[in-house]
Amino acid sequence: MENARIAAVFEQVADILEILGENPFRIRSYRNAARTVGDMTGPLADMVAEGKDLTALPGIGEGLGGKVREILQSGTCETLQDLRRRLPPQVPDLLHVKGLGPKKVKVLYEQLGIKSLGDLKTAAEAGKIRDLEGMGAKTEQNILKGLATLEAEAGRIGIYEAARAVRALGRHLEDIGAVRRWQVAGSFRRRRETVGDLDVLVEASDRAKAAEAILTYQPIEDVIARGRQKVSVALAGGLQVDFRFIEAEAFGAAMMYFTGSKAHNIVLRKRARKRRLKLNEYGLFRGKRRAAGKTEEEVFKALDLPWIPPELREDRGEIAAADEGKLPKLVQRKDIRGDLHAHTTATDGANTPRQLAEAARKLGYKYLAITDHSKAVRVAGGLNAAALGRHAGRIRELDAHLDGFYLLAGVEVDILKDGRLDLPETLLGGLDWVVASIHSAFSLAQAEMTDRILAAVGSGVVHCLGHPFGRIIGRRDPIQFDVDRVFEACREAGVCLEINAYPDRLDLPDVYCKRAREMGVTMVISTDAHKIADLDLMQYGVSVARRGWLEKGDVLNTLSLSALRKRLKPS
DNA sequence: GCCGTTTTCGGCCCGACTGTTTTCAGTCG
């Protein structure tokens, strides 16, 4: 994707400038611009082609706007080329080693001629680093540790895995007498797709006792730091957990500070400064007097803002919206009335329609769509027309015996490479709910892929586009298509976009939810359940929807049973 | 390099911990 390439160029420039010791504010500008570009849902190339003003984008002025155009034309920019002549290409990689920043990288390169991660490892193992100025044996050990974790790819973990770690950790913390209260902040609280570490805020009656008890937690493999304010550990598997001890009067301010995001915090602190206040993790201060800090609400209020839900705190316009009283009233888990994507033993699911329906009722749902695969998905035992016809018949029969509950006879039909659907439209037209998805030919060129999806959206028999980008987080890249054209077509045809709640997918991603909402497209949050337990994954889809600014009215499966029936079968 | 209800110039968020020092720089979040 072009935007990603532009963002990458800006990040590379920032990395090199940092090692060269250039103006930190100039470096920040490049990083801010990279973030702006990375968050965009439409191609910058289109904006340029349409002659739109790039300087209207946050953090992009005349200079960087020109560089965007330059990168679009040539794939790179003169600034980066010049910088690369001043530093070997792999030196910036060293910044990814935990504990190494620009200053140390510079010393390592200039004094020892270290040009790559390989060089770094060799030098550390040979004991050459401990003699450098400002470094010692400890630094050398930490570099080797940092290299090991980098090799183990102990990077970010998925939100689902993180939630499991939090539950286990929570059981330990609950048993510690000296811990009065604990809360997880950070990107976990913002419900990002992936989490780099866990930030746990602890209010303790006795910090020393609490710290000692915390450190008995079995999965702790390494103690990274231990001070009066903070204890950092690495768990088996590589997840880092930072425990921060917080006083009750500052708990709200600390929650804000450590929940972030960093960019959101910076905007809030600027706002505080304008009011001659100072905001930090201990509170909001006027001079030395604490004006607020006990709760988040109190701090926001003192800044003349309503409380902002953590999922929105990404500096994507939430503070301006809050200021104008235009924050969305975010959809909640309890608004969800049913699940519209589930598989059964008829294809690759583990449970029967009846079992799933009973489980869905137990969750308080009023409806469930059975959407098994179509024949193109051979590995899943996809159904042909005849088999689907019989399957749908059985589902309807079952539905007739379920009072106050609607079991929709549906399908997840494949969108073939040429845009045709994998089953006859006459058959599909008779079903209650048709999800159309792509499970093959993921790497078509953008124009071809766009036509493929538009054909499905325009078929007249599709209700919903399943996992629209087809990505698997960390394993498969999203497919390429013209987002605005497809979303526009969905709005015109009344086709919903799915937010697939499966933790590996979370597809639509948050920024596209926001875009779709702005364009007036309705979304559906579905679990794509392949077994009963999967129905509980709904919360992860709701989190994505909330990060995408969605309200209850933007989500189809918040409709009551009667409203859903009416919507699907207009009289 | 960006940005403006303090400003078109002069600012640009803030504090803790580590490891190396002997008063602090570098890194992190």
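The values are calculated or read from the model by the stated rules, or taken from the named source; none is laboratory data. Keep in mind that what you see is a predicted model, and the values were worked out from it rather than measured. Heads up, the Cβs are rebuilt from the backbone with ideal geometry, glycines too, and the neighbour counts pull from every protein chain shown.
Could you tell me which residue of region A:283-308 is modelled with the highest pLDDT, considering only residues that are over 20 Å from A:Gly325 (Cα atoms), part of a loop (DSSP other than H, G, I, E, B) and out of contact with any strand residue (DSSP E or B) (no Cβ under 9 Å at 6 or more places or on another chain)?
My answer is A:Thr295.
Please determine, by comparing only the residues of region A:147-161 that are within 16 Å of DNA strand B (Cβ to nearest atom) and at pLDDT 85 or above, which one is nearest to A:Leu94 (Cα to Cα).
Selected residue: A:Leu147.
Show me the helices (runs of 4 or more DSSP H) found entirely inside region A:162-272 where at least 3 residues are within 14 Å of DNA strand B (Cβ to nearest atom) and more than 29 Å from A:Ile473 (Cα to Cα).
So the answer is A:207-214.
Whether any residue in region A:70-90 is farther than 19 Å from A:Glu18 by Cα, surrounded by 14 or more Cβ atoms within 10 Å (Cβ to Cβ) and within 14 Å of DNA strand B (Cβ to nearest atom) is what I want to check.
yes
Return yes when A:Leu64 is modelled with pLDDT of 90 or more, outside the structural domain of A:Val267 (by TED's automatic domain parsing) and near DNA strand B (Cβ under 9 Å from one of its atoms) and no when it is not.
yes
Looking at region A:378-485, what helices (runs of 4 or more DSSP H) fall wholly within it and have at least 2 residues that are in contact (Cβ under 8 Å) with a residue 40 or more places away in the chain and over 31 Å from the mean Cα position of the chain (by Cα)?
Once the helices (runs of 4 or more DSSP H) in region A:378-485 are filtered for at least 2 residues that are in contact (Cβ under 8 Å) with a residue 40 or more places away in the chain and over 31 Å from the mean Cα position of the chain (by Cα), what remains is A:385-400.
I'm trying to understand the selection: among the residues of region A:24-40, which are buried (at least 21 other Cβ atoms within 10 Å of the Cβ) and of a type in the set (Gly, Ala, Ser)?
Across region A:24-40, the qualifying residues are A:Ala33, A:Ala34.
Working only within region A:47-56, note down all residues that are without any contact (Cβ under 8 Å) to a residue 24 or more places away in the chain and either touching a helix residue (DSSP H, G or I) at 6+ places or on another chain (Cβ under 6 Å) or more than 9 Å from DNA strand B (Cβ to nearest atom) (or both).
A:Met47, A:Ala49, A:Glu50, A:Gly51, A:Lys52, A:Asp53, A:Leu54, A:Thr55
If A:Ile319 meets every condition in (1) modelled with pLDDT under 95; (2) in a loop (DSSP other than H, G, I, E, B); (3) not assigned by TED's automatic domain parsing to the domain that holds A:Ile438 apart from one, which number is that one?
(2)
Quick check: anything in region A:25-46 of a type in the set (Gly, Ala, Ser) and within 8 Å of DNA strand B (Cβ to nearest atom)?
There is at least one residue in region A:25-46 that is of a type in the set (Gly, Ala, Ser) and within 8 Å of DNA strand B (Cβ to nearest atom).
Taking region A:77-94 as the region of interest, how many residues are within 29 Å of A:Arg156 (Cα to Cα) and out of contact with any helix residue (DSSP H, G or I) (no Cβ under 6 Å at 6 or more places or on another chain)?
Result for region A:77-94: 4.
Can you confirm whether region A:100-120 contains a residue that is within 13 Å of DNA strand B (Cβ to nearest atom), modelled with pLDDT under 90, more than 19 Å from A:Ile27 (Cα to Cα) and part of a loop (DSSP other than H, G, I, E, B)?
No: region A:100-120 contains no residue that is within 13 Å of DNA strand B (Cβ to nearest atom), modelled with pLDDT under 90, more than 19 Å from A:Ile27 (Cα to Cα) and part of a loop (DSSP other than H, G, I, E, B).
Could you grab me the full set of residues in region A:486-540 that are hydrophobic (A, V, I, L, M, F, W, C) and in a loop (DSSP other than H, G, I, E, B)?
Residues satisfying the conditions are A:Val495, A:Ala501, A:Leu506, A:Leu508, A:Met519, A:Val521.
Yes/no matrix, rows are residues, columns are (1) touching a Ser or Thr at 6+ places or on another chain (Cβ under 8 Å); (2) among the hydroxyl-bearing types (Ser, Thr, Tyr); (3) not assigned by TED's automatic domain parsing to the domain that holds A:Val233:
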| site | (1), (2), (3) |
| --- | --- |
| A:Thr149 | no, yes, yes |
| A:Ala168 | no, no, no |
| A:Ala178 | yes, no, no |
| A:Arg190 | yes, no, no |
| A:Ile214 | no, no, no |
| A:Tyr217 | no, yes, no |
| A:Asp222 | no, no, no |
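Under the condition of being surrounded by fewer than 18 Cβ atoms within 10 Å (Cβ to Cβ) and not basic (Lys, Arg), which residue from region A:60-69 is nearest to A:Arg316 (Cα to Cα)?
Restricting to residues being surrounded by fewer than 18 Cβ atoms within 10 Å (Cβ to Cβ) and not basic (Lys, Arg), the top hit is A:Gly61.
On the given criteria, is A:Phe10 assigned to a helix (DSSP H, G or I), among the hydrophobic types (A, V, I, L, M, F, W, C) and in contact with a Lys or Arg (Cβ under 8 Å, 6 or more places away or on another chain)?
Against the criterion (assigned to a helix (DSSP H, G or I), among the hydrophobic types (A, V, I, L, M, F, W, C) and in contact with a Lys or Arg (Cβ under 8 Å, 6 or more places away or on another chain)), A:Phe10 qualifies.
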